[in-house]
Amino acid sequence: MYHKGTVSLHVFGSKEAEVYSIPYQGQTSFIEDTASERPPFEDTSSESRIISPGYYQKAKQLSKTISKILSFRHLKKNWDFYDACLIKYSTIITGIDFIQQLSNWISDYDLDIDAPFVAPRTDGGIQIEWEDEFKYLEIGISPNNHNYEYVVINDYTSFEDEGETCSEETLIGLLRWYTLDKEID
């Protein structure tokens, strides 16, 4: 189901639905974590599309990632006892929106990527990262602007890059680099 101005993440499993409703700038994001053994589908109002069963596990993992990001709202100033900043509501929403978009990119671009590790940053941002034997990809959500910070490292080829972007194309390129082992141009 699609909601005006938002992206919905639907996960099917074996328990009742948990729905998070997060109002932000006049819009509401909905995240559903439902459960049955049938594969999920998206209703685009003009057509329905069946998502592969492999996507089911990834979507379930991403739902847990969203729950973890949502839990950052409970952190208070100085949560690390070293003067860490409060994680702003708008930063949490940006993190959730990124993971919801990641869900779409996994399906649309057939990306073979697991749910990322996520953690709060002491500057009030959110760190999203993937790591395997040779590659590391970090995407940071800054509390102060709408750009994403990124770091990529390939120990096998000694390739390293970092920067900032607000481009969806660049973010998809970073994810493809990680999953397909393509170098960043």
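Quick look at the values:
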item: Nitroxide proxy distance, nm - points 7 Å out along Cα→Cβ at SER158 and TRP105; result: 2.9 nm
item: Virtual spin-label span in nm between PHE134 and LYS64, 7 Å along Cα→Cβ; result: 2.8 nm
item: Label-point gap, in nm, between ILE172 and LYS88 - each point 7 angstrom along Cα→Cβ; result: 2.8 nm
item: Calculated FRET value between HIS74 and ASN147, using beta carbons and R₀ = 22 Å, to 0.05; result: 0.25
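Bear in mind that the values in this text are calculations on the coordinates, not laboratory data. A quick note: this is a predicted structure, and the numbers were derived from the prediction, not measured. Note that each Cβ is placed from the backbone with ideal geometry, even for glycine, and that neighbours are counted across all protein chains shown.
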